[in-house]
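Here's the structure, in structure tokens; my notes come after.
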Amino acid sequence: MGMLTFDAIVVGAGPAGVAAALTMARGGLKVIIIERGRFAGAKNLFGGVFYTHALADVLPDYWERKPPFERPVTEQGYWMLSPDSVIRVMHKSERYRKEPADAYTVLRARFDPWFAEQAVEAGALLITRTTVTRLLKDERGRVIGVDTDRPEGSVYAPVVIIAEGVNNLLTRQAGLIASDLPPTHVALAVKEYVNLPAKELQARFGLSGPREGVAIDVFGDVTLGLPGTGFIYTNQSGISIGVGMLLSEFITHRLRPYEVLERFKNHPVVRPYLEGGEVREYGAHLIPETGYDRMPKLAGDGVMVAGDAAGMVDALHREGTNLAITAGKAAGETALAAHQQGDFSAAFLSRYRRTLEDSFVLKDMKQYRRMTDFLESSPHFMGTYVNLLNEAALRYFTAHGIPKREMEHDIIKMVRERRSFTGVAWDMLKLMRAMRG
Amino acid sequence: MHAVVAIKQVPDTSNVRIDPETGTLIREGVPAIVNPYDLHAVEAAVQLKERVGGGQVTVITMGPPKAAEALIECIEQGADRAILISDRKFGGADTLATSYVLARAIETINAELPVDIILFGKQAIDGDTAQVGPGVATRLNIPLITYAIAIEEFDLEARTAIVHRRVEQGIEVLQTSLPVLLTVEKEIAPVRHAPLPRLIAAARYQPEVWSATAPVVFDPQQIGLKGSPTVVGKAFTPEQRSGGEVISVADLGLNAVVARALAVIEQAHVRNLQPETGVVS
Ligand SMILES: Cc1cc2nc3c(=O)[nH]c(=O)nc-3n(C[C@H](O)[C@H](O)[C@H](O)COP(=O)(O)OP(=O)(O)OC[C@H]3O[C@@H](n4cnc5c(N)ncnc54)[C@H](O)[C@@H]3O)c2cc1C
Ligand SMILES: Cc1cc2nc3c(=O)[nH]c(=O)nc-3n(C[C@H](O)[C@H](O)[C@H](O)COP(=O)(O)OP(=O)(O)OC[C@H]3O[C@@H](n4cnc5c(N)ncnc54)[C@H](O)[C@@H]3O)c2cc1C
């Protein structure tokens, strides 16, 4: 057998890899996507809200291709849980109802195979059940292909796009990032899919039919007050429920992820929603909390990196798939241009980063660059304030025969007892800085 | 050498919810896989081909269009030709109808290129009857060796083979004439990791599709629901039995043990006569 040679190799058939492959295949390149799972999506898990804008950019006619969306998100917001109470801030609008909608709940086991199929239809070759074990480099250190765990498993191409997700082994081997993510810069999330008949689900969440859905992010007691979030999303006939925290928090507080989720599921406010539902699957996955300042270099000689592998996640808005798709597309376009110029040097490929600097991907990453540090330095933030708000609400909404003026004083006193005024002011200042970038 | 391997696509019912390797989800909408024993059958056929210095391995399956994936996996493993027997009319087949279709298909394949050996899995992990292989051998009127674990000798000139089969008491070594039909255990051949170039070739391979009427005209009375007299009353997982009581002669003496044993049997007997009382645990 001769050498296996392609115009481009993509490692990983997640959103980033598929978007890159699709873009390059449509541009006429001979592309191979190598995925270690049994099928695209077999090993992937996310919370569940998929934003369509990025998809529309790579696949303008995606709606006609019947993507396997679960429910449009027509209501979304936050639950702030204290141990026995909740404050809900939910937003529902008629404007969420137009389809294709901005956001849908999605199950990756269904979505990823569909998305990969679009790349295959465009001419890309998808090889599954095959793990890329290392990058192949020439004597000058330029990437010229990959090696896999298969016999006769080397494949060559002038450009390799690494879209390997959060376990960034190849990104490290490419020399684009110095070390593995420390536990303070990676979150661990656990999730369950709880089956519920569509009718029952709709009744519980106040949905009028299959074309409505809810996305709830949960703070406070869900993570025992530690930095992190929980989520509850509605699928066609089931609930995605999960919780995520920095890996370092699990370690420091000796918490077991599944126990934290179990606790969340048994919270008096949450339990009724799940009653009688059957857990169909569960799993765990990491989320990079790399932050703008610690992102890897995005290109080297003959290589680019996109998606979670490059830390492209906006944790605050639980966005990741859209950043991955936009980055994959930009990397694919850069590879097309490189083929046109016959130049695969790091210098030429660096235009990939410039494209992303001009897009929401790196603009948002830059704006929230201090977010991880903020949470790390103010671990009490979530717990204290969420509990406080719930206490305040309780006093506000109950009639004790106390004059309202006194009640207001009570509330203020309570806040002061838990956190000094300067403490509050300092927290707010830090939070504002983290939000503004 | 021409080997035909019958394979079935089955749901991955290994029933593990967490991937032991990655800790991630095992999917809802359970993925379909090649029946594990059948992959070993394919491997055995490919190894036999290598051993005798060439030939052809043909894989066949009766199933829905999606079963083409399973055939492609067999091409990756080294099979040369794949045939998907697929038609709505085959739907609802029991082991009788399945055996009929596969036997007729193998006859047709044999007419094109004589078949020396036919391999089946020992059983399908979903249906679990282990009837289809024997059913096909009977229809083709050729020797059948079930639970095969090794092909010691395979002589195309003398047209004989020596095959080891697993039985409860040990291993039987049998000599057979060719063609022969084997249903195989996993030991028959370890499944190798297919080379990348084969995966790439297989990704572009399109299995032949046979319908109920072309190229073979199957008897409409013998296929699908019509050809399936089996009635499944109820499907259930038998209750797990507990370990049972150990009565030791050394501890109690022979007489006491016999008495105790008789009492247990009597109790069990009473329960059988009056199941609704359900007092015996
Ligand atoms: C619990 C959780 C909730 C989330 N919620 C949301 C949300 O609501 N909305 C949102 O937009 N984002 C969300 N995200 C983030 C989002 O899932 C990721 O940002 C996104 O999946 C990144 O896409 P990717 O293509 O970069 O990586 P992945 O989707 O991780 O894909 C990487 C692929 O590469 C394969 N691979 C890895 N290494 C190799 C190798 N060596 N050889 C071959 N194949 C390999 C993997 O099997 C995988 O298929 C969430 C993440 C988690 C964990
Ligand atoms: C719960 C349950 C309910 C069922 N209900 C009905 C019913 O209502 N009506 C009915 O008619 N039947 C029913 N069946 C039978 C079902 O159709 C059988 O699964 C099928 O006929 C094959 O038998 P098997 O799976 O037991 O295969 P086995 O005999 O265990 O398979 C042995 C080997 O035969 C080969 N093989 C088996 N099937 C195929 C195939 N399709 N193509 C190629 N090779 C094959 C493979 O090599 C396999 O390893 C039911 C089965 C189950 C488990």
Only one of B:Thr146, B:Thr61, B:Thr138 is of a type in the set (Ser, Thr, Tyr), within 18 Å of the chain's Cα centre (by Cα) and either within 8 Å of ligand 2 (Cβ to nearest atom) or not assigned by TED's automatic domain parsing to the domain that holds B:Arg198 (or both). Can you tell me which? B:Thr61
Can you find, within region B:1-43, the residue that is farthest from the other protein chains (Cβ to nearest Cβ) among those that are assigned to a strand (DSSP E or B) and modelled with pLDDT under 50? B:Ile18
Of the residues that make up region A:245-256, is at least one surrounded by 23 or more Cβ atoms within 10 Å (Cβ to Cβ) and either without any contact (Cβ under 8 Å) to a residue 12 or more places away in the chain or under 17 Å from the mean Cα position of the chain (by Cα) (or both)? yes
Considering only region B:172-211, state which residues are more than 25 Å from B:Pro114 (Cβ to Cβ) and small (Gly, Ala, Ser). B:Ala194, B:Ala201, B:Ala202, B:Ala203
Out of region B:193-233, which residues are part of a loop (DSSP other than H, G, I, E, B), within 12 Å of another protein chain (Cβ to nearest Cβ) and of a type outside the set (A, V, I, L, M, F, W, C)? B:His193, B:Pro195, B:Arg204
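If you check A:Gly165, A:Gly145, A:Gly206, which single one turns out to be modelled with pLDDT of 95 or more and in contact with an Asp or Glu (Cβ under 6 Å, 6 or more places away or on another chain)?
Numbers: A:Gly145 fails: in contact with an Asp or Glu (Cβ under 6 Å, 6 or more places away or on another chain); A:Gly206 fails: in contact with an Asp or Glu (Cβ under 6 Å, 6 or more places away or on another chain).
From the options A:Gly165, A:Gly145, A:Gly206, the qualifying one is A:Gly165.
Considering each of A:Gln341, A:Gln367 in turn, give the residue that is closer than 30 Å to A:Met295 by Cβ, open to solvent by 30 Å² or more (accessible area, probe 1.4 Å) and either assigned by TED's automatic domain parsing to the domain that holds A:Thr321 or in contact with a helix residue (DSSP H, G or I) (Cβ under 6 Å, 6 or more places away or on another chain) (or both).
Details: A:Gln367 fails: either assigned by TED's automatic domain parsing to the domain that holds A:Thr321 or in contact with a helix residue (DSSP H, G or I) (Cβ under 6 Å, 6 or more places away or on another chain) (or both).
It is A:Gln341.
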Hey, B:Ala82 hits all of (1) in contact with an Asp or Glu (Cβ under 9 Å, 6 or more places away or on another chain); (2) assigned to a helix (DSSP H, G or I) but one; which does it fall short on? (2)
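Name the single residue, out of those in region A:147-194 being part of a strand (DSSP E or B) and under 17 Å from A:Ala315 (Cα atoms), that is most open to solvent (accessible area, probe 1.4 Å).
Kept after step one, since they are part of a strand (DSSP E or B), are these residues of region A:147-194: A:147-148, A:154-156, A:160-162, A:186-194.
Cutting the leftovers down to under 17 Å from A:Ala315 (Cα atoms) gives us A:186-191.
Details: A:Val186: 8, A:Ala187: 6, A:Leu188: 31, A:Ala189: 12, A:Val190: 2, A:Lys191: 14 Å².
That would be A:Leu188.
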Against the conditions (1) over 26 Å from B:Glu157 (Cβ atoms); (2) more than 14 Å from chain A (Cβ to nearest Cβ); (3) at pLDDT 95 or above, where does B:Val173 fall short? Just the number, please. (1)
I'd like to know if region A:234-242 contains one or more residues that are at negative phi, surrounded by fewer than 24 Cβ atoms within 10 Å (Cβ to Cβ) and away from chain B (no Cβ under 14 Å). no
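Quick check on region A:215-238. Is at least one of its residues more than 22 Å from A:Asn390 (Cα to Cα) and among the aliphatic types (A, V, I, L, M)? Spell out the reasoning first.
Taking region A:215-238 as the starting set, the residues that turn out to be more than 22 Å from A:Asn390 (Cα to Cα) are A:233-238.
Right, trim to among the aliphatic types (A, V, I, L, M) and you get none.
Looking through region A:215-238, none of the residues is more than 22 Å from A:Asn390 (Cα to Cα) and among the aliphatic types (A, V, I, L, M).
Test of understanding: among A:Glu99, A:Glu139, A:Glu117, which residue is within 21 Å of A:Ala56 (Cβ to Cβ), away from ligand 1 (no atom under 15 Å from the Cβ) and either open to solvent by less than 10 Å² (accessible area, probe 1.4 Å) or not in a strand (DSSP E or B) (or both)? Spell out how you get there, then give the answer.
Working: A:Glu139 fails: within 21 Å of A:Ala56 (Cβ to Cβ); A:Glu117 fails: away from ligand 1 (no atom under 15 Å from the Cβ).
Unique residue meeting the criteria: A:Glu99.
Looking at region B:92-135 only, could you name the residues that are within 6 Å of ligand 2 (Cβ to nearest atom) and closer than 19 Å to B:Gly224 by Cβ?
To start, the set of residues in region B:92-135 that are within 6 Å of ligand 2 (Cβ to nearest atom) comprises B:92-95, B:98, B:102, B:120-121, B:123-124, B:126-133.
Matches in region B:92-135: B:Gly92, B:Ala93, B:Asp94, B:Thr95, B:Thr98, B:Leu102, B:Ala124, B:Asp126, B:Gly127, B:Thr129, B:Gln131, B:Val132.
Given the options A:Pro15, A:Pro67, name the one that is more than 7 Å from ligand 1 (Cβ to nearest atom) and over 30 Å from A:Leu389 (Cβ atoms). Please lay out each step first, then the result.
Details: A:Pro15 fails: more than 7 Å from ligand 1 (Cβ to nearest atom).
After applying the criteria, what remains is A:Pro67.
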Only one of (1) of a type in the set (Gly, Ala, Ser); (2) at pLDDT below 95; (3) assigned by TED's automatic domain parsing to the domain that holds A:Lys43 does not apply to A:Ser93, and that is (3)
1 or more residues open to solvent by 20 Å² or more (accessible area, probe 1.4 Å) and away from ligand 2 (no atom under 16 Å from the Cβ): qualifying strands (runs of 3 or more DSSP E) within region A:29-90: A:49-51, A:69-72, A:75-81
Candidate set: region A:28-64, residues that are of a type in the set (Gly, Ala, Ser) and modelled with pLDDT under 95; chosen: the one nearest to ligand 1 (Cβ to nearest atom): A:Gly47
Of the residues in region A:257-291, how many are under 13 Å from A:Ser240 (Cβ atoms) and within 14 Å of chain B (Cβ to nearest Cβ)? 8
Just to be sure, is A:Ala16 touching a Ser or Thr at 6+ places or on another chain (Cβ under 9 Å), within 14 Å of chain B (Cβ to nearest Cβ), within 12 Å of A:Phe115 (Cβ to Cβ) and open to solvent by less than 50 Å² (accessible area, probe 1.4 Å)? no
What are the pairs with Cβ atoms under 7 angstrom where one residue, in region B:122-137, is closer than 14 Å to B:Val34 by Cβ and within 16 Å of ligand 1 (Cβ to nearest atom) and the other, located anywhere, is modelled with pLDDT under 95 and not in a helix (DSSP H, G or I)? Sequence gap at least six, or different chains. none
Can you tell me how many residues within region A:107-126 are touching a residue at least 60 places away in the same chain (Cβ under 8 Å), hydrophobic (A, V, I, L, M, F, W, C) and within 14 Å of chain B (Cβ to nearest Cβ)? 8
Tell me yes or no: at least one residue of region A:375-394 is part of a helix (DSSP H, G or I), surrounded by fewer than 11 Cβ atoms within 10 Å (Cβ to Cβ) and free of Cβ contacts under 8 Å to residues at least 60 places away in the same chain. no
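Specify which of the listed residues (B:Glu157, B:Glu187) is in a helix (DSSP H, G or I) and at pLDDT 95 or above.
Numbers: B:Glu157 fails: in a helix (DSSP H, G or I).
Testing whether each residue is in a helix (DSSP H, G or I) and at pLDDT 95 or above leaves just B:Glu187.
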Give the residues of region B:135-157 that are open to solvent by 30 Å² or more (accessible area, probe 1.4 Å), more than 18 Å from B:Ala189 (Cα to Cα), of a type outside the set (D, E, K, R) and touching a strand residue (DSSP E or B) at 6+ places or on another chain (Cβ under 9 Å), sorted by residue number. B:Thr138, B:Leu140, B:Ile142, B:Pro143, B:Leu144
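Of A:Gly332, A:Gly300, A:Gly307, which residue is near ligand 1 (Cβ under 10 Å from one of its atoms) and open to solvent by less than 20 Å² (accessible area, probe 1.4 Å)? So that I can check it myself, show each step before the final result.
Values: A:Gly332 fails: near ligand 1 (Cβ under 10 Å from one of its atoms); A:Gly300 fails: near ligand 1 (Cβ under 10 Å from one of its atoms).
Only one candidate qualifies: A:Gly307.
The values are calculated or read from the model by the stated rules, or taken from the named source; none is laboratory data. Everything numeric here is computed off the predicted structure, so don't read it as measured data. Quick reminder, even Gly has a Cβ in these numbers, built from the backbone with ideal geometry, and neighbours come from all protein chains shown. SASA here: full protein model, heavy atoms, side chains in, ligands and nucleic acids out. Shrake-Rupley method; radii C 1.70, N 1.55, O 1.52, S 1.80 Å.
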